[in-house]
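A.B. asks: A single structure is presented below for examination.
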Amino acid sequence: AHARLVKSVPEAGSRTTDIDKVVLTFSEKLEAAFSGAQLVNEAGKPVAAPAAIAGDSITLATPGLKPGRYRVYWHSVGQDTHRMEGSFQFTVLP
């Protein structure tokens with residue numbers, strides 16, 4: 001099995017007014033040295049959002065996000081050493 005994304009908060013395509021972190025949950029424990037995520041704004045520029053990897057999840061600290069569209073790019077490696085990657089978008093409302 002590969003470490004697939006099974007849940008995100010906020011959910012892909014969602015619209016939210018209050019967000020202080022993005023949490024990605026995967027189908028199995030991650031190899032922290034080979035997994036990660038990055039947040040970019042609607043212009044495609046990286047947003048400072050430190051990532052913490054623990055167990056089967058990646059958490060991005062996102063306090064004070066301004067209104068706009070954001071995309072999360074992630075990559076995961078589980079115990080089988082196969083790399084998975086993907087992205088999703090969400091919107092922060094004023």
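A.B. asks: Within the stretch 1-13, count every residue that is open to solvent by 30 Å² or more (accessible area, probe 1.4 Å) and assigned to a loop (DSSP other than H, G, I, E, B).
C.D. replies: Of the residues in the stretch 1-13, 6 are open to solvent by 30 Å² or more (accessible area, probe 1.4 Å) and assigned to a loop (DSSP other than H, G, I, E, B).
A.B. asks: Hey, can you tell me all the residues within the stretch 1-37 that are aromatic (Phe, Trp, Tyr) and either touching an Asp or Glu at 6+ places or on another chain (Cβ under 8 Å) or modelled with pLDDT under 95 (or both)?
C.D. replies: The answer is Phe26, and nothing else.
A.B. asks: If I go through the stretch 62-87 residue by residue, how many of them are over 15 Å from Ser14 (Cα atoms) and not in a loop (DSSP other than H, G, I, E, B)?
C.D. replies: Result for the stretch 62-87: 9.
A.B. asks: Still on this model: Quick one: in the stretch 14-23, of everything that is in a loop (DSSP other than H, G, I, E, B) and among the polar types (S, T, N, Q), which residue is nearest to Pro94 (Cα to Cα)?
C.D. replies: Of everything passing the filter in the stretch 14-23, Thr17 is nearest to Pro94 (Cα to Cα).
A.B. asks: May I ask you to verify whether His75 is touching a Lys or Arg at 6+ places or on another chain (Cβ under 7 Å), surrounded by 14 or more Cβ atoms within 10 Å (Cβ to Cβ) and either on the phi > 0 side of the Ramachandran plot or not aliphatic (A, V, I, L, M) (or both)?
C.D. replies: Considered against the rule, which asks whether it is touching a Lys or Arg at 6+ places or on another chain (Cβ under 7 Å), surrounded by 14 or more Cβ atoms within 10 Å (Cβ to Cβ) and either on the phi > 0 side of the Ramachandran plot or not aliphatic (A, V, I, L, M) (or both), His75 comes out as yes.
A.B. asks: Moving on to the next point. So which residues in the stretch 1-35 are under 14 Å from Ala51 (Cα atoms) and out of contact with any strand residue (DSSP E or B) (no Cβ under 6 Å at 6 or more places or on another chain), if there are any at all?
C.D. replies: Those that are under 14 Å from Ala51 (Cα atoms) and out of contact with any strand residue (DSSP E or B) (no Cβ under 6 Å at 6 or more places or on another chain): Asp20, Ala33.
A.B. asks: In the stretch 57-68, what count of residues is obtained for those that are touching an Asp or Glu at 6+ places or on another chain (Cβ under 9 Å) and surrounded by 17 or more Cβ atoms within 10 Å (Cβ to Cβ)?
C.D. replies: 2
A.B. asks: Looking only at the stretch 24-52, which residues are outside any loop (DSSP other than H, G, I, E, B) and either closer than 17 Å to Pro10 by Cα or open to solvent by less than 40 Å² (accessible area, probe 1.4 Å) (or both)?
C.D. replies: Leu24, Thr25, Phe26, Gly36, Ala37, Gln38, Leu39, Val40, Asn41, Val47, Ala51, Ala52
The values are calculated or read from the model by the stated rules, or taken from the named source; none is laboratory data. Given the structure is predicted, the values throughout are model-derived calculations rather than measurements. Reconstructed Cβ throughout: ideal geometry from the backbone, glycine too, with neighbour counts over all protein chains shown. For accessibility, only protein heavy atoms count, side chains too; no ligands or nucleic acids. Shrake-Rupley method; radii C 1.70, N 1.55, O 1.52, S 1.80 Å.
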